[in-house]
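Remarks on the structure that follows.
The values are calculated or read from the model by the stated rules, or taken from the named source; none is laboratory data. Computed from a prediction, not measured in an experiment: that's the story for all the values here. Don't worry about glycine lacking a Cβ; one is built from the backbone with ideal geometry, like all the others, and counts go over all protein chains shown. To get the accessible areas, we keep the full protein, side chains included, count just its heavy atoms, and leave off ligands, DNA and RNA. Shrake-Rupley method; radii C 1.70, N 1.55, O 1.52, S 1.80 Å.
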Amino acid sequence: MKTYIEDFISEEERAEVFSIGESSRNKIYISECTGVVRSIFERINEISKIDPHERGYARVEHLTRGHGWHKDTGTDNAMSWCSFGCSILLSDPKDFEGGDFHYREGKVDQKTKSLVMHSSDVEHLVTKHSGKRVVLLYFF
């Protein structure tokens, strides 16, 4: 399963999440999240219609190294509990070069505030980038 929805979050939500910390690698567990991170997840969950796993989490991320081809169950199935992965682009694509999101079928032209969501068995990658590419990720 793959889903792409433009303008999934509002500009106000984007700004609030962006302020959480563009390079934070801290997990925000879904069972404990509140505020805007919780309200965005609730809208995502209307699409997935599954109960999030107790290890499910969100994270604001800025990694210039990208992510090679992978599935969201993790290396060596380290996240075997994961059913869905989501990415919401918080930065303006004009603020970075690279950072392209790809499925095996091709590149996703991800726009600011858009949601890319897929079941954890779908292979994908994000290319290396320079500049400021910040995303809100959910794994649940």
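What to note about this one:
- Gyration tensor verdict on segment 34-88 (Cα atoms; rounded if a/c is under 1.5, prolate if a/b is larger than b/c, oblate otherwise): oblate
- Coordinate range of the alpha-carbon atoms in segment 10-52 per principal axis, descending: 29, 23, 14 Å.
- Distance cut-off 22 Å, percentage of C-alpha pairs in the chain lying past it: 32
- Accessible heavy-atom area order of M117, M1, highest first, probe of 1.4 Å: M1, M117
- Subset of K49/K107; K27/K94; K71/K128 violating a 20 Å alpha-carbon distance limit: K49/K107; K27/K94
- Projected label distance in nm at E32 and D109, using a 7 Å step from Cα toward the beta-carbon: 4.1
- For the chain, the dipole from Cβ point charges (+1 on Lys and Arg, -1 on Asp and Glu) about the Cα centre works out to 340 debye, to the nearest 20.
- Dividing the helix sum by the residues of the chain, where each DSSP H run of 4 or more adds -39500 (n - 2.57), gives a mean residue ellipticity at 222 nm of -5000 deg cm²/dmol.
- Judged by the gyration tensor of its Cα atoms, with axes a ≥ b ≥ c, segment 1-74 is rounded; a/c sits under the 1.5 cut.
- As a rough guide to protection, the peptides 107-115, 127-135, 43-51 ranked by mean Cβ packing within 10 Å, highest first, stand as 127-135, 107-115, 43-51.
- Taking E6, E54 and ordering them by how much accessible surface each has at a 1.4 Å probe, largest first, produces E54, E6.
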